[in-house]
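One structure is given here, and the rest of the page talks about it.
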Amino acid sequence: MTPSSYLWFIPLLPFVGFLINGTLGRKFPRPAVTAVALLFTALPAAIVAYLWTIFKAAGAPDAISAVSQPWIAISGFQVNFAFTVDHLTLIMLSIITGVGFLIHLYSAGYMAHEEGFWRFFAYLNLFMFFMLVLVLSSSFLLLFVGWEGVGLASYLLIGFYFTKDSAANAGKKAFVVNRIGDFGFLLAMFLLIAHFGTLNFSDIFTSITAHPEWHGTFLTAIALLLVVGAAGKSAQIPLYVWLPDAMEGPTPVSALIHAATMVTAGIYMVARCHTLFDRSPFALGVVAIIGAATALMAALIGTVQQDIKRVLAYSTVSQLGYMFLACGVGAYAAGIFHVLTHAFFKALLFLAAGSVIHALSGEQDMRLMGGLRKRIPVTFYTMSAGVIAIAGIPPFAGFFSKDEILYQAFISPNPLGKLLWAVGLLTAGITSFYMFRLWFKTFFGPQHFEEHGAVLHENAAPIHAGAHASKHSTLVLEEEHGSAHDSHGHGVHESSWIMLFPLVVLAILSVIGGWIGVPAALGGHNEIEHFLEPVFGSPDAAVEATTAVASHGLELGLAAVSVLTAALGFFVALYFYILKPGTSIALADKFAPVHKLLENKFYVDEIYNAVLINPILMISRVALAGFDFIIVGGLPSGSAAGIRGLGGLTRRMQSGNIRSYAGWLALGAAAVVVIMIYQAF
Amino acid sequence: MVPIAYYLVLAAILFSVGAAAFLIKRNVITIFMSIELMLNAVNLTFVAFAHMWHQVSGQIFVFFVMVVAAAEAAVGLAIIIAIFRTRQTLNVDQINLMKS
């Protein structure tokens, strides 16, 4: 087989896993479900590894393509099922299959006690299928198929605990908000068809390159509509509101879909269309401003959240803002680099948070944690790696990618470049603060858990006591607690190895993952940027040579500033939560309005409710009462009533009485005779 | 020779008696007989006209009607027996299972 025919198997294998688990999984024992799900995730990862060997070999092609028979063929417009792997796709594939496999592994432990085990893994595999289609696609239309498909999988998994109202609503919210973004994407595709007559990436980008005189105008319109789509999927202002609510889903889902892969689809799409965006400085500016604003706003909200998963959710929104900012200043490679490192450390943070929640039998409120450092050491050490990485402290992964973005923003020709850099730097400081706040509150200080969790502690005590006295009582207690992992009643406990192994791997990646992008100023080669050059193009060699020496100093200086900012965030958190534990509460009281504003997330949900949702609901109600009930409902029910009345009249003829039939017969015969006599004369 | 009008009047009287009995009587067998009466009244007019016009087609019609009447009698009487077995009555006013 040629390498290109392998491409088909990358997405189709998880789909086979979905079909097997989705149709037969209900009857399988749990190990069989796990085995199917893991096997059909590991195989694509192996194919991706094989593709790496091709791309790393000498004389590697710029891209490998696989094209099917036409999918849609009408006059003047044709779309094939076509997959292309280039350097950008290869990195995305590695993230999806690699991190995806680790999270599947973790889920096998995390979900072990849950109802609907098979359903969970079927959905996860379905997600993998659509996500792989999304990044492999070589046309906007097939990308859109994957785009919608991951939305569906995300909806199903957010609402996994569908009996819980809040989870079902969160799923609905994610779906509806994404629909708004998809609307923009669709319009962009219509414009592309109108102007280019095709949806293939290569055809469109070739024709843009062939017309250097094209600037702005319709390209700006297309780019802005694509940004609407990307803002929906990647949770940017104004469509970010669904992501924090999406934390209702199981924690591995938050890690895989709402941190590492799906939400980066918007950034991937912007990077993929960089040829288009480069021609529209206005659209790029919009992307950069949206990114910077989202990064800052989400980070501010993150500082006051008490739910451990919500802090991580807002930090995800904030980090996605960084990636948008990178794309907006034209540093696509830096954006993709941050996608990569973020996938490592944010998946790690979510999985570690899941491990903490698991250890505390379902507790997510950080006020009820504390002092867990000694109780769950592996989780503590791995999560520390994630926290340091996201805070941007060298040599952990997050430092290199975040710093590259800030540097690129600083030197960008965008007139707002310096401002964007300043916002990014401020956000970096806040990020460092709230991540260390989470770290301190969870792992250090007094154990709030024991006292607040008195009920659970009481439950746990007889189990420990009864362990050697009577196995039977343990079983009874276990049964009383039900199968949900929310209440094992084991007390604080470290997770099983199947959950810790992915944590360790991701922790290692969070430490060393950034080393592939060490900038020249720090003595590295920035391998990832060079790796992506076939996709994004290389900077002008002459310009690079002249500015290289001058900019090295600048880059070092900026790096030092951002490290200092991160350190400042750390020390503020240290002071607030360890040295003077009351400070944060006193500060919150002193600036009560600000604190309230942040705690209520700038009232964005409330504003959306008042400005958009309630008016729409009102219009719907009026339409329902006025138009739907009276006209749409009235027509059929009115005609039905008329027919029924007519039937009531004629029904009397069919009385079921033989003599009345005889009478009708005689009457009819008489009528015929009368007519005949009448006609005769 | 008897004028045609006499036959027609007789046929009309027979038919009217049949029709009246058909409408009034409650016993299924009587109704059945009244139908036969009406058929034979019509047969009488056929034969009378055939004789008057010296045409054989009217008589052929009569044979048809007789054949159909015989078949009808066979089927109809079988139905009447079946009804009597299940319902223990021949009163048509009580044979109203189809009425809602």
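The values are calculated or read from the model by the stated rules, or taken from the named source; none is laboratory data. Worth saying up front: this structure is predicted, and the values here are computed from it rather than measured. Using ideal geometry, Cβ is built from the backbone for each residue, glycine included, and neighbour counts are taken over all protein chains shown.
Tally time: how many residues in the stretch B:28-55 are surrounded by 14 or more Cβ atoms within 10 Å (Cβ to Cβ) and either polar (S, T, N, Q) or within 20 Å of B:GLY76 (Cβ to Cβ) (or both)? Talk me through it step by step, then tell me what you get.
Kept after step one, since they are surrounded by 14 or more Cβ atoms within 10 Å (Cβ to Cβ), are these residues of the stretch B:28-55: B:28, B:30-51.
From what is left, the residues that are either polar (S, T, N, Q) or within 20 Å of B:GLY76 (Cβ to Cβ) (or both) are B:28, B:30-43, B:45.
Final tally of qualifying residues: 16.
What do you reckon, is A:PRO70 free of Cβ contacts under 8 Å to residues at least 12 places away in the same chain, in a strand (DSSP E or B) and either crowded, with 20+ Cβ neighbours inside 10 Å or at negative phi (or both)?
Details: free of Cβ contacts under 8 Å to residues at least 12 places away in the same chain: yes; in a strand (DSSP E or B): yes; either crowded, with 20+ Cβ neighbours inside 10 Å or at negative phi (or both): yes.
Yes, satisfied.
How many residues are part of a helix (DSSP H, G or I) and either touching a strand residue (DSSP E or B) at 6+ places or on another chain (Cβ under 6 Å) or farther than 30 Å from A:PHE443 by Cβ (or both) if we restrict to the stretch A:266-320?
Start the filter on the stretch A:266-320 by keeping residues that are part of a helix (DSSP H, G or I), which leaves A:266-272, A:274-278, A:281-302, A:308-320.
So of that shortlist, the ones also either touching a strand residue (DSSP E or B) at 6+ places or on another chain (Cβ under 6 Å) or farther than 30 Å from A:PHE443 by Cβ (or both) come out as A:266-272, A:274-278, A:281-293.
Qualifying residue count for the region: 25.
Do you know which of the residues in the stretch B:8-61 that are of a type in the set (Phe, Trp, Tyr) and within 28 Å of B:THR89 (Cβ to Cβ) is farthest from the other protein chains (Cβ to nearest Cβ)? Spell out how you get there, then give the answer.
Start the filter on the stretch B:8-61 by keeping residues that are of a type in the set (Phe, Trp, Tyr), which leaves B:15, B:22, B:32, B:46, B:49, B:53, B:61.
From what is left, the residues that are within 28 Å of B:THR89 (Cβ to Cβ) are B:22, B:32.
Working: B:PHE22: 6, B:PHE32: 12 Å.
Here the residue is B:PHE32.
Could you tell me whether any residue of the stretch A:613-631 is charged (D, E, K, R) and at positive phi?
So the first thing to find is which residues in the stretch A:613-631 are charged (D, E, K, R), and the list is A:621, A:628.
This time we only want the ones that are at positive phi, so: none.
No, that holds for no residue.
Are any of the residues in the stretch B:77-90 hydroxyl-bearing (Ser, Thr, Tyr), within 14 Å of chain A (Cβ to nearest Cβ) and in a helix (DSSP H, G or I)? Full working, then the answer.
The initial filter retains those residues of the stretch B:77-90 that are hydroxyl-bearing (Ser, Thr, Tyr), namely B:86, B:89.
The next check asks that each one be within 14 Å of chain A (Cβ to nearest Cβ); those that pass are B:89.
Those still in the list that are in a helix (DSSP H, G or I) too: none.
No, because not a single residue in the stretch B:77-90 is hydroxyl-bearing (Ser, Thr, Tyr), within 14 Å of chain A (Cβ to nearest Cβ) and in a helix (DSSP H, G or I).
Of all residues in the stretch A:207-240, count the ones that are over 12 Å from the mean Cα position of the chain (by Cα) and more than 26 Å from A:HIS195 (Cβ to Cβ). Reasoning before the result, please.
Narrowing the stretch A:207-240 to residues over 12 Å from the mean Cα position of the chain (by Cα): A:207-229, A:237-239.
Of the ones still in play, those that are also more than 26 Å from A:HIS195 (Cβ to Cβ) are A:237-238.
The number of residues fulfilling the criteria is 2.
Okay, residues lined up against (1) modelled with pLDDT of 90 or more; (2) surrounded by 16 or more Cβ atoms within 10 Å (Cβ to Cβ); (3) over 30 Å from A:ILE357 (Cβ atoms):
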site	(1), (2), (3)
A:PHE183	yes, no, yes
A:THR217	no, no, yes
A:TYR240	yes, yes, no
A:PRO244	yes, yes, no
A:THR251	yes, yes, no
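Of A:ALA45, A:ALA49, A:ALA60, A:ALA82, which residue is among the small types (Gly, Ala, Ser) and part of a strand (DSSP E or B)? Step through it out loud before you land on a result.
On the way: A:ALA45 fails: part of a strand (DSSP E or B); A:ALA49 fails: part of a strand (DSSP E or B); A:ALA60 fails: part of a strand (DSSP E or B).
Just a single option satisfies the conditions, and that option is A:ALA82.
Looking at A:LEU598, is it away from every other protein chain (no Cβ under 14 Å) and either assigned to a helix (DSSP H, G or I) or surrounded by 10 or more Cβ atoms within 10 Å (Cβ to Cβ) (or both)? Walk me through how you get there before you give the answer.
Working: away from every other protein chain (no Cβ under 14 Å): yes; either assigned to a helix (DSSP H, G or I) or surrounded by 10 or more Cβ atoms within 10 Å (Cβ to Cβ) (or both): yes.
Spelling it out, A:LEU598 is indeed away from every other protein chain (no Cβ under 14 Å) and either assigned to a helix (DSSP H, G or I) or surrounded by 10 or more Cβ atoms within 10 Å (Cβ to Cβ) (or both).
For the stretch A:608-622, name all the residues that are surrounded by 11 or more Cβ atoms within 10 Å (Cβ to Cβ), over 19 Å from A:ALA170 (Cβ atoms) and under 27 Å from the mean Cα position of the chain (by Cα).
A:ALA610, A:ASN614
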